[in-house]
1. Just to compare against my own numbers: the Cα pair-distance distribution for segment 35-161, 5 Å bins, whole % per bin, please.
2. Given points 7 Å out from each Cα along the Cα-Cβ axis, report the Gln99 to Thr141 separation in nanometres with one decimal.
3. Go through 73-84, 91-102 and give me the packing order, highest mean Cβ count within 10 Å leading.
4. Under 17 Å from a point placed 7 Å out from the Cα of Ala149 along the Cα-to-Cβ direction: which residues of segment 107-121 have their backbone N that close?
5. Please list the non-local residues whose amide H lies under 5 Å from the amide H of Val85, H modeled 1.01 Å from N, same-chain partners needing a gap of 5 or more.
Amino acid sequence: MRSLHTLALSSALVWWLAGCSTPPAPRAPTAPPPASRLTDEMAHDIAIHALGLVGTPYRYGGNTPDSGFDCSGLIGYVYRARVSVAPPRTVAQLSGWGQPVAGEQLRTGDLVVFGKGRAPHHAGIYVGEGRFVHAPSTGGTVRLDRLNAHYWSAQTVAFRRP
């Protein structure tokens, strides 16, 4: 009886160890980040310039620090000033500009576009560490927000790399 019990325990141990030695399932390869016309240095300059505009008043249709900014005007101003690239003027057009980027591949200077499908409603510039600069609304100013803030984390978001 004792040998039968020992045999059963030995069999269970071998089975358990065999399960532990099974190699892990292969991970899906991570896609390389999309190509960009901007160098890392240019993308960094975009983020720094956007941060320097925090506090500028919001103005619908605005596209200069003197007149104020709306969200797409802010993006256009920063890209033209830092890298001589003229992005599209509307959020709808910005939502198709450049290449899509996965959230884990974000880098400074990428665009953050909020809204669903063909109806995006807001955009900003990613500046790193889960933060973005944007011109939010009438009566407000250009500000720095977190993607994981309650309001923004509830929005549909897409990321674009020009």
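1. The percentages, shortest bin first, are 2, 13, 24, 27, 22, 10, 2, 0.
2. 3.8
3. In decreasing order of mean packing, 73-84, 91-102 become 73-84, 91-102.
4. The answer is 112-115, 121, whose backbone nitrogens lie closer than 17 Å to the label point.
5. Arg80
None of the figures in this text is laboratory data; all of them are computed from the coordinates on show. Everything numeric here is computed off the predicted structure, so don't read it as measured data. When we count neighbours, we look across all protein chains shown, and the Cβ atoms used for this are built from the backbone with ideal geometry, even at glycine.
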